[in-house]
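What follows is a single structure, written as structure tokens, with notes after it.
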Amino acid sequence: MVRKTFDIVSFRQQDIPDWNCPTCILGLLISNKIVKQECKESKAGKLLDIYDGFSQYGYFFMHLECNNPSCNENVFCLGFYYNDLCPTVNGEITETVYIPKYFYPNLRILNISNKCPQDIRNLIDISFSLYYSDSSSCANKIRVVLEHIMNNLRIKKETINSKGRIVKIKLHDRILQMKNNKRYGKISDYILAIKWIGNDGSHDDTIVQNDILDAYEILERVIEEIYEKKTETLEKKVKKINTKRKPLSKI
Ligand SMILES: [Zn+2]
């Protein structure tokens with residue numbers, strides 16, 4: 001995950017973040033065109049609550065194109081803008097600040113392995129689409145991803161209560177169950193950390209994008225551990241090289 005690209009929640013025309021193309025992943029999205037439209041409240045002179053004094057503000061859309069010649073995908077971004085006064089050596093100049101809210105097709109904050117089941121990949125993709133517009137819903141969706149990972153790993157999801165009824169096991173208890181799993185026990189703490197972030201998103205509107213990026217960073221590791229097993233492979237490799245005391249090509 002290129003965290004610094006998604007840390008940026010607003011930009012100016014000269015410093016558009018290096019977003020990767022969601023289709024080919026390799027290309028960068030280059031801005032072709034930005035169209036701004038002042039909104040009604042700005043025209044009526046209503047002050048903007050994030051700005052000291054009056055600033056023109058409204059909505060924008062931006063057309064982006066992938067710079068990979070074998071892809072050239074088109075992506076559209078919608079959002080909010082306001083004009084900002086910036087001091088320079090020659091006095092103040094007006095610059096426009098853009099705050100993206102939606103991308104279509106949505107950006108990919110993580111590059112998810114094809115080995116990860118489709119339903120989980122789809123849910124992660126939906127969470128990406130909410131990242132700029134609704135942090136709480138995004139965090140909540142990441143929590144749902146965990147439920148699906150648990151199902152995929154066949155961690156028990158139902159039990160029989162004292163009245164003989166079948167009841168669902170809470171996510172937290174399923175994660176604790178996972179702790180005892182020989183193969184996946186070591187990543188249960190990672191999943192638990194994502195759950196706390198997801199919980200906060202469900203109960204609180206103030207979850208910030210940095211918290212979401214933490215959740216994605218941990219989720220990336222969880223998916224690697226479960227579906228890619230890169231670490232395991234590397235560990236095996238290291239063990240083999242050390243046991244034989246020579247490079248793999250010489251074994
Ligand atoms: Zn592309």
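Read-outs throughout are calculated quantities, based only on the coordinates presented, and are distinct from any laboratory measurement. Not measured: the values here are computed from a predicted model. Please note: Cβ atoms are built from the backbone with ideal geometry, for glycine as well, and neighbour counts cover all protein chains shown.
The table below gives the values:
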{"quantity": "Gain in span if fully extended, Asp173 to Asn242, counting 0.36 nm per residue against the direct Cα distance", "calculated": "20.9 nm"}
{"quantity": "The chain - convex hull of alpha carbons, volume per residue in Å³", "calculated": "207 Å³"}
{"quantity": "Residue-wise HN-Hα coupling along the range 12-19, computed from phi with Karplus coefficients 6.51, -1.76, 1.60 (Hz; x: Gly, Pro)", "calculated": "10, 4, 7, 10, 5, x, 7, 7"}
{"quantity": "Spin-label model distance (nm) - Glu38 vs Arg183, 7 Å beyond Cα toward Cβ", "calculated": "6.2 nm"}
{"quantity": "Amide proton proximity set for Ile169, modelled H, under 5 Å, gap of 5+", "calculated": "Glu158, Thr159"}
{"quantity": "Inter-label distance, nm, simple model (7 Å from Cα along the C-beta direction), Arg154/Leu85", "calculated": "6.8 nm"}
{"quantity": "Entries of Lys179/Lys236; Lys141/Lys195; Lys157/Lys195; Lys182/Lys236 with Cα pairs more than 21 Å apart", "calculated": "Lys179/Lys236"}
{"quantity": "P(r), alpha carbons of the range 11-143 - 10 Å bins starting at zero, rounded %", "calculated": "11, 33, 31, 18, 6, 1"}
{"quantity": "Mean Cα-pair separation over length for the chain, i.e. relative contact order, pairs under 8 Å, 6 or more apart, %", "calculated": "15 percent"}
{"quantity": "Shape category assigned to the range 112-245 from the gyration tensor of Cα positions, a/c cut at 1.5", "calculated": "oblate"}
